[in-house]
Amino acid sequence: MRKFLTTTAAIAVLMGMGGTAARAAENVEVLHWWTSGGEAAALDVLKKDLESKGISWTDMPVAGGGGTEAMTVLRARVTAGNAPTAVQMLGFDILDWAKEGALGNLDEVAAKEGWDKVIPTALQQFSKYDGHWIAAPVNVHSTNWMWINKAALDKAGGKEPANWDELVALLDKFKEQGITPVAHGGQPWQDATIFDAVVLSFGNDFYKKAFIDLDPETLGGAQMKEAFDRMTKLRSYVDDNFSGRDWNLASAMVIEGKAGVQFMGDWAKGEFIKAGKKPGADFVCMRFPGTQGSVTFNSDQFAMFKVAPEKVPAQLVMASAIESPTFQSAFNVVKGSAPARTDVSDEAFDDCGKKAIKDLAEANTNGTLFGSMAHGHANPASVKNAIYDVVTRQFNGELTSEEAVTELKAAVEAAK
Ligand code: BGC
């Protein structure tokens, strides 16, 4: 196939056709939000891989963690009739675009490469629509992690907190050390990422009833009030400049020892690694206290848009490259995530990566693997945004915990 494309391109140029169609066949325009140091390093693995296969890359980065801004830009592009070739996308957003009939079809390459057998069903739920493959999953991240500065932890006695009370005691010790206990960026998606972990720390059933089933009693109940109380407590440990801070700058505070801990998905590990830090020596990765054994996951996928026929071959080459086991290992080692296939060895991964892979497999077997609310894997954007709004207002003190549960129940009901 590659040979054919190259030949076609060469002939087109030779015949003085300007090569527009031919160039299009060799090119992918990719919209994504991987703009931090660690993310860009991971993206580079993909760019280089495609370049080695003769596919050039037109970059369309839209900064903004969690992809909120990227999704706004995408909507504008598609409305203007100018969809990118491939778009980084999360969970229910993929299905929403598929419902609109905007996505292409990867069945040919998926069948040839046996994706059905090696890509976990939890991901296939979002990579397939109406029985057809519409997206290529790149990775599996999870949100219920915390990243601790090792020196600060050692100074505080060295014990990893096993439950909420121990976490609070550790944060108090960080305060005594004169560092910011919690590195955080006040953006709705980051507040929601912490809320994922806090809600999960009340148990699997609670998380499932609240965010997967959207059970009104759970959303508006006494335990949810307690979850909001915990958010208030955590809020008391952030610094004065937290508002609007990007997540990677919060990671940098932990990396530099200015802060004790960050509660963030494992893309944060990409920042530690990029800064030359080693797990176990410079930082500690652990599940948010009370959530060990459970995983709230999100998977970055490249949704392939319907494009002109001459651009389809490059799309298929990209999809195939993404699912190659070698690429899955190389990319995810840098990105901080686990591979999107079950048959990739964990050999090249560091201890945190090995733990991510193991936790994921176990949670999948034990029925304790849940889609992340904060990262679009529990609900469509309408519901997700309704939850974001309440969580952020409560975190910023605009709502009491009592008001927040009432609002949460009502907002989700209205958005459903
Ligand atoms: C994505 C990650 C990304 C993070 C921060 C998440 O939604 O899944 O790949 O690194 O947002 O931008």
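Indicate the gyration tensor shape class of the stretch 244-305 (rounded, prolate or oblate), computed on the Cα atoms with a ≥ b ≥ c the square roots of the eigenvalues: a/c under 1.5 is rounded; otherwise a/b larger than b/c is prolate and the rest oblate. Walk me through the numbers before you get to the answer.
Values: a/c = 1.81, a/b = 1.29, b/c = 1.40.
Verdict is oblate for the stretch 244-305.
Take PHE211, PHE349 and order them by how many other Cβ atoms sit within 10 Å, fewest up front. Can you show the working numbers first?
Values: PHE211 28, PHE349 19.
In order of increasing Cβ crowding within 10 Å: PHE349, PHE211.
With the contact rule set at Cα under 8 Å and sequence spacing of 6 or more, what percent relative contact order holds for the stretch 184-314?
Working: 89 pairs, mean separation 44.4, N = 131.
Relative contact order here is 34 percent.
Assign one of three labels to the stretch 204-311, namely rounded, prolate or oblate, based on the Cα gyration tensor with a ≥ b ≥ c the square roots of its eigenvalues; rounded applies when a/c is under 1.5, prolate when it is not and a/b is larger than b/c, and oblate otherwise. If you can, show how the numbers build up before the last one.
Numbers: a/c = 1.83, a/b = 1.03, b/c = 1.77.
It is oblate, given that a/c is not under 1.5 and a/b is not larger than b/c.
Assign unit charges at the C-beta atoms only (+1 for Lys and Arg, -1 for Asp and Glu), then state the dipole size of the chain relative to its Cα centre in Debye, rounded to the nearest 20.
Around 760 debye, computed over the chain.
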Hey, what did the chain get for relative contact order, percent, Cα under 8 Å, at least 6 apart?
26 percent
Looking at the chain, I'd like the Rg to Rh ratio, where Rg is from alpha-carbon atoms and Rh is Kirkwood's inverse mean 1/r.
0.99
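Taking square-rooted eigenvalues a ≥ b ≥ c of the alpha carbon gyration tensor, is the stretch 144-208 rounded, prolate or oblate, where a/c under 1.5 means rounded and, failing that, a/b exceeding b/c means prolate?
Working: a/c = 2.63, a/b = 1.51, b/c = 1.73.
Taking the square roots of the gyration eigenvalues as a ≥ b ≥ c, the stretch 144-208 is oblate.
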Pick out, in residue order, every one of the trypsin sites (Lys or Arg not before Pro) in the stretch 125-177 that is DSSP loop and has at most 14 other C-beta atoms within 10 Å; say none if there are none.
LYS159
Which of the lysines could a cross-linker span from LYS416 if the Cα-Cα distance has to be under 22 Å and same-chain partners fewer than 8 positions apart are dropped?
LYS99, LYS208, LYS209, LYS225, LYS384
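Counting only helical runs of four or more DSSP H residues, what would the 222 nm mean residue ellipticity of the chain come to if each run contributes -39,500 (n - 2.57) and the total is spread over all its residues?
Working: 21 runs with 213 residues, N = 416.
Rounded to the nearest 500, the figure is -15000 deg cm²/dmol.
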Under 22 Å Cα to Cα from LYS258, which lysines show up? Leave out anything in the same chain fewer than 8 places away.
LYS150, LYS155, LYS159, LYS173, LYS175, LYS233, LYS269, LYS274, LYS277, LYS278
Calculate log10 I(q)/I(0) of the stretch 107-163 for q = 0.13, 0.20 Å⁻¹, where I(q) comes from the Debye formula with a single equal point scatterer on each Cα and nothing for solvent.
-0.53, -0.75
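Taking 8 Å as the Cα distance limit and 6 or more residues as the minimum spacing, I'd like the relative contact order of the stretch 62-154 as a percentage.
Values: 44 pairs, mean separation 19.3, N = 93.
Taking the mean separation of contacting Cα pairs over the length of the stretch 62-154, I get 21 percent.
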In whole angstrom, how far apart do the alpha carbon centroids of the stretch 199-268 and the stretch 42-100 sit?
27 Å
Could you please rank LYS117, LYS208, placing first whichever residue has the fewest other Cβ atoms within 10 Å of its Cβ?
LYS117, LYS208
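Throughout, read-outs are computed from the coordinates displayed, never taken from laboratory work. Only a predicted model underlies this, so the values are computations on that prediction, with no experimental measurement involved. No Cβ is skipped: glycine too gets one built from the backbone with ideal geometry, and neighbour counts run over all protein chains shown.
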